[in-house]
Amino acid sequence: MLLEKIDNLLKEVNQLSAKNTEEVEQFRLRFLSRKGEIAALMSEFRNVAANQKKEVGIRINELKRRTQEKINALKEQLEVKDAQSNDIDLTRTAYPIELGTRHPLTLVKNEIIDIFARMGFTLFQGPEIDDDKHVFTMLNFAADHPARDMQDTFFIDRSNSVDVTKNVLLRSHTSNDEAHYMSTHKPPIRVLCPGRVYRNEAISARAHCFFHQVEGLYIDKGVSFTDLKQVLLTFAREMFGVNTKIRLRPSYFPFTEPSAEMDISCNICGGKGCGFCKHTGWVEILGCGMVDPHDLEACGIDPLIYTGYAFGMGVERITNLKYRVSDLRLFSENDTRFLREFEGVQ
Ligand SMILES: [Zn+2]
């Protein structure tokens, strides 16, 4: 009878054992597939007398559930056994693990840090998300300065119109590091601040919404513009070669006075004039100047006792000059064909 048949199958299921996953699969097909034992019972179920249907139905379901449990248990046993096995195939070929390279911007940033470290500059890194106070106010930016406009700077919270210094933003320059450092350290200060900065720019070959800067700051008694010029000349020669010349052109920055932009003699034509330097023989590489007394005062440093200089450069700009990368977007596209070009750089 049907009940007897179910009982026998149940006994058989309880005794099942398997040496490998193929055997488990065989059991599954035999019992649970569309043409398997349980499916056959279901079709016989139709002919069961009405008064027995309830009991037979319950028993078939029990058999099905038990079979499924047993097969799962067998699979699990085999997996555990597999994991414990010591059969390591030593002849198998290794996964192709490719060695990466340092990113060109990291290479150049490290080189800049290295040069200034030899001149006694230590490293300081501040926050990329900062308040208006440290990014603009302490650095002598006027309340209506265009950098405070949303067209130029990414604001995270600009809701405080009463006290703009509390608004939160993605820093638009690494000068905020200088504000942090100056307000928490006493002179002498000789620090280098590398980091990422953000500006609300349309992305093109020449502009990006994020880029990297390295700023330097030196504050002590009797620091003069001459010191600044000598440090920058040393940097330019170390970075671009001993024959590199520099020139300083007067400029304007809110946080330095006087301010200047520095050019180096074109490292492609050696100063004779070429397409790259627009036939001037010079290319611009950084901005610099004497720290404005207002900044010192805002950070709790007495401007009557101390003076200092600051400079800042774009890492992308220096990398472009050194390696002739003409499109800024290449730095952030993760194209390994481009990145591999720098494999040989130490
Ligand atoms: Zn040139």
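Only the coordinates and a few stated rules stand behind these numbers; no lab work does. All of these numbers come straight from a predicted model, not from anything done at the bench. Here the Cβ is made from the backbone with ideal geometry for all residues, glycine too, and neighbour counts use every protein chain on show.
Assorted remarks:
- Note on residue 166: lysines with a C-alpha under 20 Å away, same-chain residues under 8 apart excluded, are 133.
- The trypsin sites (Lys or Arg not before Pro) found in segment 160-212 that occupy coil by DSSP, while having at most 13 further C-beta atoms within 10 Å, are 206.
- When 313, 42 are arranged by Cβ crowding within 10 Å, least crowded first, meaning fewest neighbours, the order is 42, 313.
- Whole-angstrom gap from segment 281-336 to segment 167-195, using each part's C-alpha centre: 13 Å
- Cα-based shape type of segment 1-84, given that a ≥ b ≥ c are square roots of the gyration tensor eigenvalues and the cut on a/c is 1.5: prolate
- Converting the Cα gyration tensor eigenvalues of segment 1-140 into ellipsoid dimensions via √(5λ) gives semi-axes, longest first, of 71, 26, 12 Å.
- Computed over the chain, relative contact order equals 15 percent, with contacts defined as Cα pairs under 8 Å that lie 6+ residues apart.
- Taking a straight line from the alpha carbon of residue 278, these aspartates and glutamates sit under 14 Å away, with near neighbours fewer than eight places off in the same chain left out: 263.
- ³J(HN,Hα) computed for each position of segment 138-147 - Karplus, 6.51 cos²θ - 1.76 cosθ + 1.60, integer Hz, glycine/proline x: 5, 9, 6, 7, 5, 4, 9, 5, x, 4
- Gain on full extension, evaluated as 0.36 nm per residue between residue 278 and residue 34 minus their Cα-Cα distance, stands at 79.9 nm.
- With θ taken as phi - 60° and the Karplus curve 6.51 cos²θ - 1.76 cosθ + 1.60 applied, the whole-hertz 3J(HN,Hα) list for segment 248-255 is 10, 10, x, 8, 9, 9, x, 9 Hz, x standing for glycine and proline.
- For residue 260, the residues 5 or more places off, or on other chains, whose built amide H falls under 5 Å of its own are 251, 288, 289.
- For segment 247-270, backbone nitrogen atoms closer than 17 Å to the point 7 Å from residue 229 Cα along Cα-to-C-beta are found at 247-251, 257-265.
- Derived scalar couplings ³J(HN,Hα) [segment 17-22; Karplus, 6.51 cos²θ - 1.76 cosθ + 1.60; whole Hz; x for Gly, Pro]: 9, 9, 8, 8, 5, 5
- If you wrap the Cα atoms of the chain in a convex hull and average its projected area over all directions, you get 33.0 nm².
- Distance violations [Cα-Cα > 26 Å] among 11/35; 19/54; 109/245; 5/53; 5/81: 19/54; 5/81
- Filtered GluC sites (Glu not before Pro), segment 71-101: DSSP coil and at most 11 other beta carbons within 10 Å: 98
- Expected 222 nm ellipticity per residue - DSSP helices of 4 or more, -39500 (n - 2.57), all of the chain, to 500: -11500 deg cm²/dmol
- Cα-based shape type of segment 191-337, given that a ≥ b ≥ c are square roots of the gyration tensor eigenvalues and the cut on a/c is 1.5: oblate
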